[in-house]
Number of protein chains: 2
Amino acid sequence: MKVTTREARSVNPIARQSLPDAIAVELRERILNGEFKDGDPIVQEAIAEEYEVSRMPVREALRQLEGQGLVALKTHKGAIVTSMKKEKVSELFDLRALLECDILARALPHFGPSDAAAAQDFLNQLEGAYQRRDTAEWGKLNWQFHRSLYLPANRPETLSVLEGINIQVERFIRVQLVMTGAVAAAEREHRDLLSLCTERNPTAVDYLRKHILDAAKLPSSISA
Amino acid sequence: MKVTTREARSVNPIARQSLPDAIAVELRERILNGEFKDGDPIVQEAIAEEYEVSRMPVREALRQLEGQGLVALKTHKGAIVTSMKKEKVSELFDLRALLECDILARALPHFGPSDAAAAQDFLNQLEGAYQRRDTAEWGKLNWQFHRSLYLPANRPETLSVLEGINIQVERFIRVQLVMTGAVAAAEREHRDLLSLCTERNPTAVDYLRKHILDAAKLPSSISA
DNA sequence: CTACTGTAGATTGGATCCAGTTGGCCTGTC
DNA sequence: GACAGGCCAACTGGATCCAATCTACAGTAG
């Protein structure tokens, strides 16, 4: 029911993200990479100097990361990277299973050929990233692939919540990627999952649940 | 090991919240109240002047509210209050049902007398707020009560997600409070729910689901 | 030797200042 | 009279400056 919204998304909105957004992306990447670990403090001035900006955009970036649960801000004490204990990881994967199964069940009846094509596209890129051992790219694409399966459900709020959860989970997944050989299995599962979705087979939901919960229990914890 | 550390955790850490936090709380309240409605712009300078502070803490407060999904920030265009369409409300209540039922099921086996007492306390306050027609307080206490039922599950991440959802839903609930007489029913349901939890009756979960989904479908939308 | 205290350096919090963008209004021209 | 283009006010984005707070260390008293 699109009504020709103005939406100047013609070609490229020139990608004009503000400095705080850009810095937030940068810092998030470094946290997900593991460059900043558990209790590490993130000093405003150090970051500001590093990117040759003032401390202000850094402060706003940290606020954003706080909202995403990646850092904790204490007044007059600065930002420290939040912990990633195994109970937390376990709970986050449980949440993923609960929410992603629910939304997939809602998406299945509306899953069409164009959706399948989009998902397949991500799947191909995913394989490429795996072969290049590009963990950062793999993590992003993994979520993009999953997301593409859920898009037909037309549930923006659920997707938004899931996006937040996946950002956190990514810190864990990246470690998995280098630690285990389970990724090949994941790729196969992804293909199977897409097949089931394409034929709108309701067992896709159960398959997805298993896929998510299996991924949760490989290593014991991201950090000692 | 230091034993004689100051240990200022005695009773009250003086609750020192920073200016951005305080302003965020204030603005959130005004958005939930409906003082700022759907597409309303929130001008940094106006807010800053109003609270007699500079624009900077306001900017950080707006970042926080953005993270909670209450406002949308566009570069060089400022902040506008996010919309609250009925599909969104409906989806948020579905999410509540899904997540709160799951967490309640996990909490029930650990639900003890002290938990019941805490919940009962919130219930009493809730009734008082209702009689005073204090919608702001009622909304907060409603969540506090629900939360107290879920605490024994020991699932901080799920609670965190639910907290975010409930903040958004509160905008809707407050309108309900003045528009419908369904609150008395909600109070009765709360008492029944607490009884079921106290005796660890598994049907509490189904009762909760009905309680949440019923609340969702009273008015059609918060704003035209 | 231990425990408290005061001071200095580092770091964050907040205010003020300047630059860049947006959007509306106004004028000039066809 | 209508439309294009430029100008101006309002607002946001970012930088710099000052104040408040925390931490660590050293000095001193018991």
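A few comments on the model shown:
- Some residue of the range A:48-69 being out of contact with any Asp or Glu (no Cβ under 7 Å at 6 or more places or on another chain), assigned to a loop (DSSP other than H, G, I, E, B) and at the interface with chain B (Cβ under 9 Å from one of its Cβ atoms): yes
- Counting residues in the range B:139-153 that are within 11 Å of another protein chain (Cβ to nearest Cβ) and either open to solvent by less than 70 Å² (accessible area, probe 1.4 Å) or within 24 Å of B:ALA185 (Cα to Cα) (or both) gives one or more.
- Search result, residues across the range A:47-74 that are open to solvent by 10 Å² or more (accessible area, probe 1.4 Å), touching a Phe, Trp or Tyr at 6+ places or on another chain (Cβ under 9 Å) and within 11 Å of DNA strand C (Cβ to nearest atom): none
- Annotation: of all residues in the range B:74-117 being in contact (Cβ under 8 Å) with a residue 12 or more places away in the chain and part of a loop (DSSP other than H, G, I, E, B), the one that is farthest from the other protein chains (Cβ to nearest Cβ) is B:GLY112.
- Note on the range B:20-46: among residues that are more than 8 Å from DNA strand D (Cβ to nearest atom) and β-branched (Val, Ile, Thr), the one that is farthest from the chain's Cα centre (by Cα) is B:ILE23.
Yes/no matrix, rows are residues, columns are (1) modelled with pLDDT under 90; (2) surrounded by 13 or more Cβ atoms within 10 Å (Cβ to Cβ); (3) more than 14 Å from chain A (Cβ to nearest Cβ):
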| position | (1), (2), (3) |
| --- | --- |
| B:THR5 | yes, no, yes |
| B:SER10 | yes, no, yes |
| B:GLN17 | yes, no, no |
| B:PRO20 | no, yes, no |
| B:LEU32 | no, yes, yes |
| B:ASP38 | yes, yes, yes |
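- Subset of the range B:108-150 [within 17 Å of the chain's Cα centre (by Cα) and within 17 Å of B:ASN201 (Cα to Cα)]: B:ALA119, B:HIS146, B:SER148, B:LEU149, B:TYR150
- Here the condition is being outside the structural domain of A:ILE173 (by TED's automatic domain parsing) and near DNA strand D (Cβ under 9 Å from one of its atoms); of A:GLU49, A:GLU60, it holds for A:GLU60 alone.
The values are calculated or read from the model by the stated rules, or taken from the named source; none is laboratory data. Bear in mind the structure is a predicted one, so any value in this text is a computation, not a measurement. Heads up, the Cβs are rebuilt from the backbone with ideal geometry, glycines too, and the neighbour counts pull from every protein chain shown. For accessibility, only protein heavy atoms count, side chains too; no ligands or nucleic acids. Shrake-Rupley method; radii C 1.70, N 1.55, O 1.52, S 1.80 Å.
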